[in-house]
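For reference, the structure discussed in these notes is given below.
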Amino acid sequence: MKTTKLIGILALVLALGIVIIQNRGPVQTHFLLITVEMPQILLLLLTAGGGFALGLLVALWGKSKPKI
């Protein structure tokens, strides 16, 4: 079971890496009232990192101690 989970995680990381490497051109990003031009690779890394951090927070929040 651990091997299957590890292979799945590695496949997802590899797929994310391929998508990031293929998208290196500049892109304009609009957030609220701010427009920023940055490489698309940076935007993808920021988005992936934010999603990972949010997933960790949700996982930790869900493991709260049971009430007695």
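The values are calculated or read from the model by the stated rules, or taken from the named source; none is laboratory data. Note that this is a predicted model, so its numbers are computed, not measured. Cβ placement follows ideal geometry from the backbone for every residue including glycine, while neighbour counts extend to all protein chains displayed.
Odds and ends about this structure:
- The test for being more than 18 Å from the chain's Cα centre (by Cα) and either part of a helix (DSSP H, G or I) or surrounded by 10 or more Cβ atoms within 10 Å (Cβ to Cβ) (or both) holds for residue 4.
- Segment 19-52: number of residues that are touching a residue at least 12 places away in the same chain (Cβ under 8 Å), aliphatic (A, V, I, L, M) and either in a strand (DSSP E or B) or in contact with an Asp or Glu (Cβ under 9 Å, 6 or more places away or on another chain) (or both): 2
- Check on residue 16, in a helix (DSSP H, G or I) and modelled with pLDDT under 85: yes
- Tally of residues being under 12 Å from the mean Cα position of the chain (by Cα) and of a type in the set (S, T, N, Q) across segment 10-22: 0
- Candidate set: segment 23-36, residues that are surrounded by 11 or more Cβ atoms within 10 Å (Cβ to Cβ) and under 14 Å from residue 47 (Cβ atoms); chosen: the one nearest to the chain's Cα centre (by Cα): 23
- Just one of (1) touching a His at 6+ places or on another chain (Cβ under 9 Å); (2) at pLDDT below 85; (3) of a type in the set (A, V, I, L, M, F, W, C) fails for residue 1. It is (1).
- Of note, residue 20 satisfies the criterion of being surrounded by 10 or more Cβ atoms within 10 Å (Cβ to Cβ) and of a type in the set (A, V, I, L, M, F, W, C).
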